[in-house]
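So the structure is just underneath, and the comments pick up after that.
The values are calculated or read from the model by the stated rules, or taken from the named source; none is laboratory data. Computed from a prediction, not measured in an experiment: that's the story for all the values here. Glycine gets a Cβ as well: all are built from the backbone with ideal geometry, and neighbour counts include every protein chain shown. The accessibility values were calculated without ligands, DNA or RNA, using every heavy atom of the protein model including side chains. Shrake-Rupley method; radii C 1.70, N 1.55, O 1.52, S 1.80 Å.
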Amino acid sequence: MKHKLLFIIFVFTSALYAQNTLSIDSLSVPSTQSSVIIPINLSAEESFAGYQFTLNYNSSIMKVTKVTAGNIASGFSLLTNLNSPGTVRVAAVDSTLIGVTGSGVLAYVTFEITGSGTSSLSLSGVKLNNKEGKNLQVRAINGRIVIKDTAAGPSDNEEQAPAEEDTTQTQPEIVTGNLQIPISSQTNTFPVIE
């Protein structure tokens with residue numbers, strides 16, 4: 001009986017603290033490659049209808065050129081701010097307020113490669129909201145990119161990463177200032193730009 005009770009408590013508390021994870025994979029590309037597309041991955045165990053995050057990167061070796069919606073939130077209205085070198089802000093809302101759950105690519109961030117070196121790809125200000133506007137718990141996992149200087153040619157021990165193929169679809173972009181996503185099914189509000 002005691003084990004059964006512990007199991008029920010474990011299942012109940014696990015459901016209360018469902019894990020949502022936003023992550024960026026680490027990768028390596030040659031500096032001769034003109035651009036790279038970084039997927040922002042999401043594993044959402046809870047239904048969400050809005051999100052926002054800031055991606056910080058080393059602007060001395062790359063420059064963000066666009067952000068497009070990924071497969072998990074392809075129907076969301078996407079807002080981006082690309083005006084600050086080293087930072088890109090992204091927010092989106094499901095205008096139907098139905099919400100989605102599952103795993104996939106939340107957004108694709110395209111960078112122009114302007115130099116060689118290493119850059120952390122760090123996430124900050126990460127928010128995931130349900131259709132009532134409630135913040136959901138989300139864990140952020142940062143990545144990094146190594147842009148290898150290939151002017152002297154690769155050494156025998158270095159593997160070159162294959163060139164990324166651009167398979168994303170162009171989405172309308174809106175340049176904004178600070179981003180906030182209040183979501184309410186009662187008022188059907190959309191992202192407010194301050």
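Values for this structure:
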item	result
Under 5 Å, built H, 5+ apart or other chain: amide partners of Val126	Thr54
Förster-model FRET efficiency, 25 Å R0, Thr96 and Lys134, C-beta, rounded to 0.05	0.90
Accessible area of segment 82-137 belonging to carbon and sulfur atoms, whole % at 1.4 Å probe	47 percent
Contour excess over end-to-end distance, with Cα ends at Ser59 and Asn142 and 0.36 nm allotted per residue	28.2 nm
